[in-house]
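Here is the structure we will look at, set down as structure tokens.
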Amino acid sequence: MKAKITVYEKPTCSKCREVDKILRESGVDYEKINYYVEPLSKAKLTELLKKMGMSARELLRTSESTYKELGLAKAELSEKEIIDLMIKHPELIQRPIVERGEKAVLGRPVENIKPLLK
């Protein structure tokens, strides 16, 4: 049996809604976690980054006002410091993140999730 899919999302996000539609239409078992209501722990965010093969900086939402207010474009921050900021300001995390077993992908574009459905 394949591992269950978990989607880390913000329900009002258009890409999150697109991923939800694809998963419902595919008939796979999945769970949605609104990480604004159930915040990600540092350990979980670090694990997801590793599974995605991404750095914390790559996962930053650069269009967010918080990103600009904190001067993150020019800030010389360590991976740990960026993760700490993402935990404190969840709006900085790109979404949705879709996890299945030992793999995770950023569902942006939504086609990225297709390999997890096989």
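Each value in this text was obtained by applying a stated rule to the coordinates, not by laboratory testing. This structure is a prediction, so every number in the text was calculated from the model and none was measured. A quick note on method: Cβ atoms are made from the backbone with ideal geometry, for glycine too, and the neighbour counts reach across all protein chains shown.
Could you tell me whether the range 94-108 includes any residue that is in a loop (DSSP other than H, G, I, E, B), loosely packed, with under 11 Cβ neighbours inside 10 Å and not hydrophobic (A, V, I, L, M, F, W, C)?
The answer is yes, given that some residue of the range 94-108 is in a loop (DSSP other than H, G, I, E, B), loosely packed, with under 11 Cβ neighbours inside 10 Å and not hydrophobic (A, V, I, L, M, F, W, C).
Can you list residue pairs whose Cβ atoms sit under 7 Å apart, with the first residue in the range 72-95 being farther than 22 Å from Thr12 by Cβ and the second being among the hydrophobic types (A, V, I, L, M, F, W, C) and in a loop (DSSP other than H, G, I, E, B)? Count only pairs 6 or more apart in sequence or on different chains.
Cβ pairs passing all conditions: Glu79/Ala56; Ile82/Ala56; Ile83/Ala56.
Considering only the range 61-68, I want to know if a residue exists there that is closer than 25 Å to Ile113 by Cβ, under 12 Å from the mean Cα position of the chain (by Cα) and part of a helix (DSSP H, G or I).
Among the residues of the range 61-68, not one is closer than 25 Å to Ile113 by Cβ, under 12 Å from the mean Cα position of the chain (by Cα) and part of a helix (DSSP H, G or I), which makes the answer no.
Could you please find all residues in the range 5-39 being under 17 Å from Lys114 (Cβ atoms), outside any helix (DSSP H, G or I) and out of contact with any Lys or Arg (no Cβ under 6 Å at 6 or more places or on another chain)?
Across the range 5-39, the qualifying residues are Thr6, Gly27, Val28, Tyr30.
All but one of (1) crowded, with 17+ Cβ neighbours inside 10 Å; (2) farther than 14 Å from Leu116 by Cα hold for Lys42; which doesn't?
Among (1) crowded, with 17+ Cβ neighbours inside 10 Å; (2) farther than 14 Å from Leu116 by Cα, the lone unmet condition for Lys42 is (1).
Take Thr46 and decide whether it is assigned to a loop (DSSP other than H, G, I, E, B) and more than 16 Å from Lys10 (Cα to Cα).
Spelling it out, it is not the case that Thr46 is assigned to a loop (DSSP other than H, G, I, E, B) and more than 16 Å from Lys10 (Cα to Cα).
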